[in-house]
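Notes follow once the structure below has been shown.
Laboratory data are not the source of any read-out in this text; all were calculated from the coordinates shown. This structure is a prediction, so every number in the text was calculated from the model and none was measured. Using ideal geometry, Cβ is built from the backbone for each residue, glycine included, and neighbour counts are taken over all protein chains shown.
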Amino acid sequence: SAAVEPPDYLDERERKIFDTVKQELKPTKLEVQDISGGCGSMYALDIVSESFKGLPVIKQHRLVNKILGEEIKNWHGVQLKTKA
Amino acid sequence: MFSRTTISAVAGQALRPRRNPLLSPRFAALQRSFLSTETRQAIDKAVATAPVVLFMKGTPETPQCGFSRASIQILGLQGVDPQKFTAFNVLEDEELRSGIKEYSDWPTIPQLYVDKEFVGGTDIMMSMHQDGSLAKLLEDKEVLVAAEGSDASATSS
């Protein structure tokens, strides 16, 4: 499966999140977007990864929460879309 | 949709623990990750007040956040029986707001509990709503308004 490359238009924080998720979950699809108007307080993540295989959606989300744990604590919110 | 927010007297009282020296500002850092036995027990009670429990921002009538509003809308569309539903407003209670995140090991609000089990937040409710698994869960738990004979609308001319 092809490795995902971070697009050019990610800002610094989006890029950091992208890299973290990429490293931990080796996704085949990954989209990270600041949806707080650039404030860095809310993000939408769309992740397709084999690491999710066999896991119910809630466990998939918990896995992402674990990986981004410290970051998420500083955010106002997060939107997750995950798929195996 | 829902005629009232039910906050049972028991849970309401339990959610405001007596003044505890560990809650003083000096222990603020400790407090953030410290789920006291009192708070845990209070949340245990809250989670058990009804078959369907939603920890949200604001009330079902007046949600204070788009995600909380979406969750209420979904539960309404699914036809959850108001008699079997309780909502807790975390904006009313800072200890609940941080406590429920520790308790559920989940970073965001709203949080849905069905039959005392954590189901998820808005994203999960949304996808379960779309793929039918939420309807199935709520049917299995028998928390929906009865289908027969309830076509009668509440409005009158």
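Here the Karplus curve 6.51 cos²θ - 1.76 cosθ + 1.60, taken at θ = phi - 60°, turns the phi angles of segment B:77-85 into couplings of 4, 6, x, 5, 6, x, 5, 10, 10 Hz, with x standing for Gly and Pro.
Relative to the longest principal axis of the Cα atoms of chain A, the long axis of helix A:12-25 lies at roughly 10 degrees. Amide H to amide H, with H built 1.01 Å from N, B:THR59 comes under 5 Å of B:GLN64, counting only residues 5 or more places away or on other chains. Charged neighbours of B:PHE118, selected by a Cβ distance under 15 Å, balance to 0 (K, R count +1; D, E count -1). Computed from phi, the 3J(HN,Hα) profile of segment A:4-10 under the Karplus parametrisation 6.51, -1.76, 1.60 (θ = phi - 60°) reads 7, 10, x, x, 5, 7, 5 Hz, with x in place of Gly and Pro. Near A:SER41, the amide H atoms lying under 5 Å from its own belong to A:SER36; only residues 5 or more places off or on other chains count, and H is placed 1.01 Å from N. Whole-Hz Karplus values for segment B:63-76 come out as x, 9, 7, x, 5, 5, 4, 4, 5, 4, 4, 5, 5, x Hz, taken residue by residue from phi with 6.51 cos²θ - 1.76 cosθ + 1.60 and θ = phi - 60°; glycine and proline positions read x. If you bin all the Cα-Cα distances of chain A at 10 Å, starting from zero, the percentages per bin are 19, 55, 25, 2. Residues whose amide H lies under 5 Å from that of B:VAL119, counting only those 5 or more places away or on a different chain, are B:LEU112, B:TYR113, B:VAL114; hydrogens are built 1.01 Å from N in the peptide plane.
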